[in-house]
Amino acid sequence: MNEFQKLLIRYIIIGNHSFNSIESKDFHNLINYLHKDASVPSANTIKKEIINTFNNSKKKIQQVLQVNKLCLLYKIYCLLIILILYRRCLAKYPSHWMLGHPQTIYLF
C-alpha cells in the first residue's frame, strides 16, 4: 500500500465518507488537477484495504491486550499472596496488630 492509498483511507475513515465517494467525477478531477498521472483506486480496492487495515490493527490490539491480561493476572496473584501472608500474620500475632506494638513482623 503506497502513501497515497494510506492518506485516501484516512480521508475516508476520518471524514466518514462512503467508499463510492472516490469514484465520483469531481473527486477524480480534483486528484488529476493535483497530479496529472495520478490514478485513484476503485471503491472495492479501497474497501478491501480498509478491511485489511482494520483486521491488522485488531490483531495488534488483541496481542497487546493478551500481554496486559497476563501482567494483570500476575499482579492479582501477587496481591493475593500478600493478602494471605497478611492474614496469617494477623492470626498468629493478633495482639501486636490490635494494640499497635511497634515490633516489626516479617512476612518472609
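Values in this text are rule-based calculations from the coordinates and carry no lab data. Because the structure is predicted, anything quoted here is derived from the model rather than measured. Heads up, the Cβs are rebuilt from the backbone with ideal geometry, glycines too, and the neighbour counts pull from every protein chain shown.
Things worth noting here:
- Computed from phi, the 3J(HN,Hα) profile of the stretch 52-63 under the Karplus parametrisation 6.51, -1.76, 1.60 (θ = phi - 60°) reads 5, 4, 4, 5, 5, 5, 4, 4, 4, 5, 4, 5 Hz, with x in place of Gly and Pro.
- On the basis of the beta-carbon distance and an R0 of 30 Å, residue 78 and residue 7 show a calculated FRET efficiency of 0.05.
- At 1.306 mPa s and 10 °C, Stokes diffusion of the stretch 3-99 via Kirkwood alpha-carbon radius, µm² per second: 86 µm²/s
- Cβ crowding within 10 Å averaged over residues, with 40-47, 57-64 ranked highest first: 40-47, 57-64
- In Hz, Karplus ³J(HN,Hα) per residue of the stretch 34-45 (6.51, -1.76, 1.60; θ = phi - 60°; x = Gly, Pro): 6, 8, 4, 9, 5, 10, 8, x, 6, 4, 5, 5
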